[in-house]
Amino acid sequence: MPRSVVPWEIERRTLVKAGDKTNPRYGHKPAERPAEEYIRYGVINLDKPAGPTSHEVAAWVKRILNLQQVGHGGTLEA
Amino acid sequence: MTGVLPVTLEESRKIVQALLHSGKEYVCVMKLHGDATEKRVNEVLEEFEDTIYQRPPLRSSVKRQLRTRKIYYIDFLEMDGRNVLFKVGCEGGTYIRKLCYDIGEVLGCGAHMQELRRTRAGPFIENGDIVTLHDVAYWFMEWQQQKDEKILRKFIQPMEEALALIPKIYIRDSAVDAICHGASLTAPGVLSLETEINNGLMVAVFTLKGEAVALAKAVASAEEILNMEHGVVAKTERVLMPRGTYPKCWKSGEA
């Protein structure tokens, strides 16, 4: 049976269509965003503990960081 | 159930859909309800290394209709009496509890999921930058006291990291703001793109600074886009960057 392609093993090459530069006056490299913005556009790779639901864990993160909206990428209950 | 749970802060919630559809990897302890030989367990696990049918369990958050999910691999790790330890790589939305039940049915003795740890969700892996709730509380307190941005980077990653496995299209500064207003991406705005892009596939539209602008659906393959001079190459589905981050460079209708 042929093993189907595992998404995290796909190798991609970059194809160049045109050349241009980016103006440093606009935007930021993701790692260089100002702190407040860095947090608001941030993701935490959290090790979910046993016991609480994914939803509860996200709510705790929200309280710890004092944020308005915290979500999670895929329930870890089943 | 423990392990990798990507938590999105504020604006990054917009990339949740990309994470939900991303592949997952789990390490699972399955408890057999009767005796089975290691050889037989191996054979049955191998049978499930395929596209499988699953009906979501009674207690689930989606409509309970039969659907298919890909199991990329199941690696048998260890067996102790009736406890079977295995690692499974699968498509997002695969129910491992259901998978264990079905493996038990094929074995004939029955089985249930005893313990589960997620070791990957899309690009996020447990050996990478994973942090505990305690780490989050500790580093956040440190950050508040020292205001050193290096501390933030110890436990928070830019949302772009969550898009690492999605093929990207890099665009000109001048094309950015139109996308932020929901416009489709057209060929002249494209600077470079990754292979393995196909019609209907989700792509991430990025600036040359590596910032995510939007999630979009490609309407042509990478090779086709490379040779296009005009026309839509991807339809914007979810805007990630606020309007006005880059200057507006298009003409308004009434001008």
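The values are calculated or read from the model by the stated rules, or taken from the named source; none is laboratory data. Everything quoted here is computed from the prediction, not taken from an experiment. Note that each Cβ is placed from the backbone with ideal geometry, even for glycine, and that neighbours are counted across all protein chains shown. Each accessible area value is taken on the protein alone, full model and side chains, heavy atoms only, with ligands, DNA and RNA left out. Shrake-Rupley method; radii C 1.70, N 1.55, O 1.52, S 1.80 Å.
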For chain A, which whole-number percentage of the solvent-accessible area (1.4 Å probe, protein heavy atoms only) is attributable to carbon and sulfur atoms?
-> 50 percent
Could you work out how far apart the two model spin labels at B:S60 and A:V6 are, taking each label as a point 7 Å from the Cα in the direction of the beta carbon, and quote it in nm?
-> 2.4 nm
Report, to the nearest whole %, how much of the accessible area of region B:101-211 belongs to carbon and sulfur atoms, 1.4 Å probe, protein only.
-> 47 percent
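Would you please put B:64-70, B:185-191 in order of how densely packed they are, using the mean number of other Cβ atoms within 10 angstrom per residue and starting with the highest? Before the final figure, lay out the partial values.
Details: B:64-70: 12.0, B:185-191: 20.9.
Those peptides, ordered most packed to least, come out B:185-191, B:64-70.
At a probe of 1.4 Å, how much accessible area disappears from chains A and B on forming the pair, both sides counted, to the nearest 100 Å²? Could the numbers behind the result be given before it?
Working: alone 8320 and 15200 Å², together 16590 Å².
Adding both sides of the contact gives about 6900 Å².
Calculate the dipole size of region B:22-112 relative to its Cα centre from +1 charges on Lys and Arg beta carbons and -1 charges on Asp and Glu beta carbons; express the result in debye to the nearest 20. It would help to have the intermediate numbers written out before the result.
Details: 15 positive and 14 negative charges, 150 e Å.
Charge dipole, region B:22-112, about its Cα centre: 720 debye, nearest 20.
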For chain B, the longest principal axis of the Cα atoms and the Cα long axis of helix B:96-107 enclose an angle in degrees, to the nearest 10, of 40 degrees
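Which GluC sites (Glu not before Pro) in region B:183-255 pass both tests, a DSSP loop state and at most 16 other beta-carbon atoms within 10 Å? Can you show the working numbers first?
Details: sites: B:E194, B:E196, B:E211, B:E223, B:E224, B:E229, B:E237, B:E254; in loops: B:E196, B:E211, B:E229, B:E254.
The qualifying sites are B:E196, B:E229, B:E254.
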Rounded to the nearest 500, what is the 222 nm mean residue ellipticity of the protein assembly as shown from helices alone, with -39500 (n - 2.57) per DSSP H run of 4+ residues and division by all residues?
-> -6500 deg cm²/dmol
Once a ≥ b ≥ c are taken as the square roots of the eigenvalues of the Cα gyration tensor of chain A, is the result rounded (a/c under 1.5), prolate (a/b larger than b/c) or oblate (a/b not larger than b/c)?
-> oblate
Average Cα contact separation per residue, chain B, under 8 Å, 6 or more apart, as relative contact order % | 18 percent
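Please tell me which of these pairs span more than 29 angstrom C-alpha to C-alpha: A:K29/B:K70; B:K14/B:K147; A:K48/B:K70; B:K70/B:K154; B:K63/B:K154?
Values: A:K29/B:K70 35 Å; B:K14/B:K147 27 Å; A:K48/B:K70 25 Å; B:K70/B:K154 34 Å; B:K63/B:K154 38 Å.
The pairs that break the limit, which is 29 Å between Cα atoms, are A:K29/B:K70; B:K70/B:K154; B:K63/B:K154.
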If you roll a 1.4 Å probe over the heavy atoms of the protein chains, what accessible area per residue do you get for the protein assembly as shown, in Å²?
-> 50 Å²
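Classify the protein assembly as shown as rounded, prolate or oblate, taking a ≥ b ≥ c as the square roots of the eigenvalues of its Cα gyration tensor: rounded when a/c is under 1.5, otherwise prolate if a/b is larger than b/c and oblate if not. Don't jump to the answer; show the numbers that get you there.
Numbers: a/c = 2.53, a/b = 1.52, b/c = 1.67.
The shape class here is oblate.
Calculate the mean, over all residues of peptide A:24-34, of how many other protein chain Cβ atoms lie within 10 angstrom of the residue's Cβ. Can you show the working numbers first?
Numbers: counts 1, 3, 10, 11, 6, 7, 11, 7, 4, 4, 1.
The per-residue average across the peptide is 6.
Rounded, prolate or oblate: pick one for region B:86-203, where a ≥ b ≥ c are the square roots of the eigenvalues of its C-alpha gyration tensor, a/c under 1.5 means rounded, and failing that, prolate if a/b is larger than b/c, else oblate.
Working: a/c = 3.57, a/b = 1.28, b/c = 2.79.
Oblate, because a/c is 1.5 or more while a/b does not exceed b/c.
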